[in-house]
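Colleague: Sharing a structure with you now.
The values are calculated or read from the model by the stated rules, or taken from the named source; none is laboratory data. This is a predicted model, so every value here is computed, not measured. Quick reminder, even Gly has a Cβ in these numbers, built from the backbone with ideal geometry, and neighbours come from all protein chains shown.
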Amino acid sequence: MQSTKETHLQKTNNQIMEGAHAERLNKLSNQSPAKPDRATGINLFRDMTLGRRFEDKCAEMYYRGKMFGFVHLYNGQEAVSTGVIGAMKKKHDWFCSTYRDHVHALSAGVPAKEVMSELFGKETGCSKGRGGSMHLFSKEHHLLGGYAFIGEGIPVALGAAFTSRYKKEALKEENSDSVTAAFFGDGTCNIGQFYECLNMAQLWKLPILFVVENNKWAIGMAHDRATSDPEIWRKAEAFGMKGEEVDGMDVLAVRGAAQRAIERARAGEGPTLIECLTYRFRGHSLADPDELRSAEEKDFWSKRDPLKLLEKTLTEKNLVSSQELRAIEKEIDQEVNDSVEFALSADDPKSEELTKYIWAEEE
Ligand SMILES: Cc1ncc(C[n+]2csc(CCOP(=O)(O)OP(=O)(O)O)c2C)c(N)n1
Ligand SMILES: [Mg+2]
């Protein structure tokens, strides 16, 4: 006899996704968002706008044949990068990304022209043109890398967090209070490295933020179809760790959660797992025709565009006018256009130097 109860296996992606993520977002409570002053509000808007406009330009360059390989854009998820990295200390705290890494690099302060050059494979790129889109790196800006394999950055971030605690407690370097943020996706929470690192981080009370960018999809696999408990932040509990879920389209909510986690980490109280509910506005990569996700779903999320939400908050509070924000957008467009000019006219790496920079002493 056939059971009337549908199993996960029988459901299609769209059946499972109808509503689930949206319902969670509507039920979020106790968010305690950050309260922006004018300067902070403008900085947050500027950073998110840079992320958005930079990525739009990447799409244009890719389709014009200037950029090669896989390119994964971040449109829609800007509030996560800006909310977390903007709450951290630049060139002091540490960051680990994924293949969706351009905007994390920009938020960490890597100049747009260095990121764009890297995407063009030029010598002036932040990884000297040897890395490309998925392997951005900057020693100066404490970006420990983008990684093409999912979950690969999490143990690297754990190592950085261990280093700061070791320097402080074993080597007695009192000023060693840096915090590390590891960014990764919902799909990545189903692999082993995630759990191993949560365990070690909590065991050793490491100063680390595990930032899950739950954008509902792992390429074409719907999140709720692939994981035992779709509420990722709850997985922290199994390790005795603090977990928080947050509206990942609201930069002030993300910033509030990040500030709380950073404070705990710097005080030696250990790690936090922050699950940001968010959405990517484009396909998985620029090679993805994005035909799997329903129009209704895309429409629901585009109405929650993090840039529009922040603009509404800032203007309603009379912290900044719409004209001022339009002027910021113009400046950013100029910066992005300049980055393209810079990248286009930069030199390619010399073929005889293909293996240069493999070893640290060649930096
Ligand atoms: C170890 C490993 N297995 C499989 C892949 C293939 N892969 C590339 S992206 C991806 C989905 C990851 O989804 P998620 O973690 O949600 O990140 P998102 O792309 O949504 O940002 C997979 C499985 C990979 N890159 N690395
Ligand atoms: Mg995902």
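Colleague: Any residue at all in region 85-101 that's closer than 13 Å to ALA182 by Cα, touching a strand residue (DSSP E or B) at 6+ places or on another chain (Cβ under 6 Å), small (Gly, Ala, Ser) and at pLDDT 95 or above?
Modeller: For region 85-101, residues closer than 13 Å to ALA182 by Cα, touching a strand residue (DSSP E or B) at 6+ places or on another chain (Cβ under 6 Å), small (Gly, Ala, Ser) and at pLDDT 95 or above: present.
Colleague: Looking at region 34-49, which of the residues that are among the aliphatic types (A, V, I, L, M) and in contact with a Ser or Thr (Cβ under 8 Å, 6 or more places away or on another chain) is surrounded by the fewest Cβ atoms within 10 Å (Cβ to Cβ)?
Modeller: Ranking the qualifying residues of region 34-49, first place goes to ALA34.
Colleague: Now for a different question. Out of region 190-222, which residues are in contact with a strand residue (DSSP E or B) (Cβ under 6 Å, 6 or more places away or on another chain) and of a type in the set (A, V, I, L, M, F, W, C)?
Modeller: ALA201, ILE208, LEU209, PHE210, VAL211, VAL212, listed by residue number.
Colleague: Sticking with this structure for a sec: Please specify each residue of region 259-305 satisfying the condition of being among the aromatic types (Phe, Trp, Tyr) and out of contact with any helix residue (DSSP H, G or I) (no Cβ under 8 Å at 6 or more places or on another chain).
Modeller: Passing the criteria: only TRP301.
Colleague: With respect to the numbered conditions (1) of a type in the set (Gly, Ala, Ser); (2) more than 18 Å from VAL103 (Cβ to Cβ); (3) within 16 Å of ligand 2 (Cβ to nearest atom); (4) out of contact with any Ser or Thr (no Cβ under 6 Å at 6 or more places or on another chain), which one is the sole condition not fulfilled by GLY185?
Modeller: Among (1) of a type in the set (Gly, Ala, Ser); (2) more than 18 Å from VAL103 (Cβ to Cβ); (3) within 16 Å of ligand 2 (Cβ to nearest atom); (4) out of contact with any Ser or Thr (no Cβ under 6 Å at 6 or more places or on another chain), the lone unmet condition for GLY185 is (2).
Colleague: Related question: Would you say ALA327 is on the phi < 0 side of the Ramachandran plot, part of a loop (DSSP other than H, G, I, E, B) and surrounded by fewer than 13 Cβ atoms within 10 Å (Cβ to Cβ)?
Modeller: Here the answer is no, as ALA327 does not meet what is asked.
Colleague: Please name all residue pairs, on different chains or six or more residues apart, with Cβ atoms under 8 Å, provided the first residue is in region 268-288 and is in contact (Cβ under 8 Å) with a residue 60 or more places away in the chain and the second residue is surrounded by fewer than 20 Cβ atoms within 10 Å (Cβ to Cβ) and among the β-branched types (Val, Ile, Thr).
Modeller: From region 268-288, the pairs are HIS284/ILE219; ASP288/ILE219.
Colleague: Within region 62-80, restricting attention to residues that are over 16 Å from MET134 (Cα atoms), outside any loop (DSSP other than H, G, I, E, B) and not charged (D, E, K, R), which residue is modelled with the lowest pLDDT?
Modeller: Ranking the qualifying residues of region 62-80, first place goes to TYR63.
Colleague: Let me ask another. Under the condition of being crowded, with 19+ Cβ neighbours inside 10 Å and hydrophobic (A, V, I, L, M, F, W, C), which residue from region 287-308 is nearest to ALA20 (Cα to Cα)?
Modeller: Across region 287-308, the extreme among qualifying residues is TRP301.
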